[in-house]
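Trainee: Right, I'll just put the structure down here and ask away after.
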Amino acid sequence: ASGQSPRSKKFLNRPRKNFEQKKGRRLSGAGVSDEEETASTSSTPKKGGKESKKRKVDDSPSMNSPRLEGPSPTKKWKTIKESSKDLAMCSIMLSELETHEDAWPFLLPVNSKLVPGYRKVIKKPMDFSTIREKLSNGLYPNAEVFAVDARVVFDNCETFNEDDSDIGRAGHNMRRFFEKRWAELFKGS
């Protein structure tokens with residue numbers, strides 16, 4: 001009748017592990033862990049003092065799950081190299097679009113104050129300056145995504161403007177020019 005419950009007696013009778021055993025460290029003959037030996041010989045003190053408690057991730061693939069592999073390093077480098085070459089071509093293409101005589105309606109974003117209702121009709125506005133900014137900031141992973149944005153410019157023009165208006169005609173001319181140059185630059189490579 002020591003006043004302790006059977007549960008607390010169980011914990012008292014359990015052999016205690018010292019700190020090093022709890023942390024899973026090996027003890028050398030002198031009772032000093034391998035980590036303490038290296039820390040004492042090092043001239044720089046450890047920062048923080050506590051080890052992180054993150055679990056180690058098993059990098060070995062499971063026997064049951066198929067291993068998914070990406071392209072080999074050489075193929076990956078070739079893809080990156082080709083992509084950067086293609087994006088350089090996109091920059092040239094965009095320069096040609098920007099200097100085209102019919103590019104004037106597409107150089108800057110549509111001002112919704114000057115063109116009321118534009119944002120209600122056009123859900124994804126796009127223009128050449130926005131494309132240039134995205135290209136400069138590396139936001140196009142490849143030439144195809146660049147082409148999608150360029151075509152959005154012409155699709156928006158066709159959706160919002162009458163075919164026989166000045167802007168409508170400019171849009172049709174720009175689309176023809178874009179598709180012709182795109183085929184010349186990218187279909188041949």
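Trainee: Among the listed pairs LYS123/LYS187; LYS85/LYS134; LYS85/LYS187, which have their C-alpha atoms separated by more than 23 angstrom in this model? Kindly include the intermediate steps, with their values, before the conclusion.
Mentor: Working: LYS123/LYS187 30 Å; LYS85/LYS134 16 Å; LYS85/LYS187 14 Å.
Listed pairs above 23 Å: LYS123/LYS187.
Trainee: So, one more: Could you tell me what fraction of 2.2 N^0.38 Å the Cα radius of gyration of the stretch 86-187 comes to, as a two-decimal ratio? Don't jump to the answer; show the numbers that get you there.
Mentor: Working: Rg = 13.2 Å, N = 102, 2.2 N^0.38 = 12.8 Å.
With N residues counted in the stretch 86-187, Rg over 2.2 N^0.38 Å equals 1.04.
Trainee: To the nearest 0.05, what FRET efficiency results for LEU185 and GLU162 with a Förster distance of 41 Å applied to their C-beta separation? Walk me through the intermediate numbers first.
Mentor: On the way: r = 31 Å, r/R0 = 0.75.
Efficiency, from the Cβ-Cβ distance: 0.85.
Trainee: Under the Karplus relation 6.51 cos²θ - 1.76 cosθ + 1.60, θ = phi - 60°, what is the ordered set of whole-Hz ³J(HN,Hα) values for the stretch 115-128, x standing for Gly and Pro?
Mentor: Computed from phi, the couplings for the stretch 115-128 are 10, x, x, 4, 5, 6, 8, 9, 8, 10, x, 8, 8, 5 Hz.
Trainee: What does the charge dipole of the stretch 86-187 about its Cα centre add up to, to the nearest 20 debye, if the Cβ of each Lys and Arg holds +1 and the Cβ of each Asp and Glu holds -1?
Mentor: Charge dipole of the stretch 86-187: 380 debye, to the nearest 20.
Trainee: Each residue of the stretch 152-166 in order: what ³J(HN,Hα) in whole Hz does its phi give by Karplus 6.51 cos²θ - 1.76 cosθ + 1.60, θ = phi - 60°, with x for Gly and Pro?
Mentor: 3J(HN,Hα) across the stretch 152-166, in whole Hz: 4, 4, 6, 5, 4, 4, 5, 5, 8, 10, 5, 4, 8, 7, 4.
Trainee: Arranged by the count of other C-beta atoms within 10 angstrom, fewest first, what order do MET174, MET89 take? Mind showing how you got there, number by number?
Mentor: Numbers: MET174 23, MET89 17.
The order, fewest Cβ neighbours first, is MET89, MET174.
FYI, it's all coordinate maths here, none of it is from the lab. Just so you know, these numbers come straight off a predicted model, no measurement behind them. Using ideal geometry, Cβ is built from the backbone for each residue, glycine included, and neighbour counts are taken over all protein chains shown.
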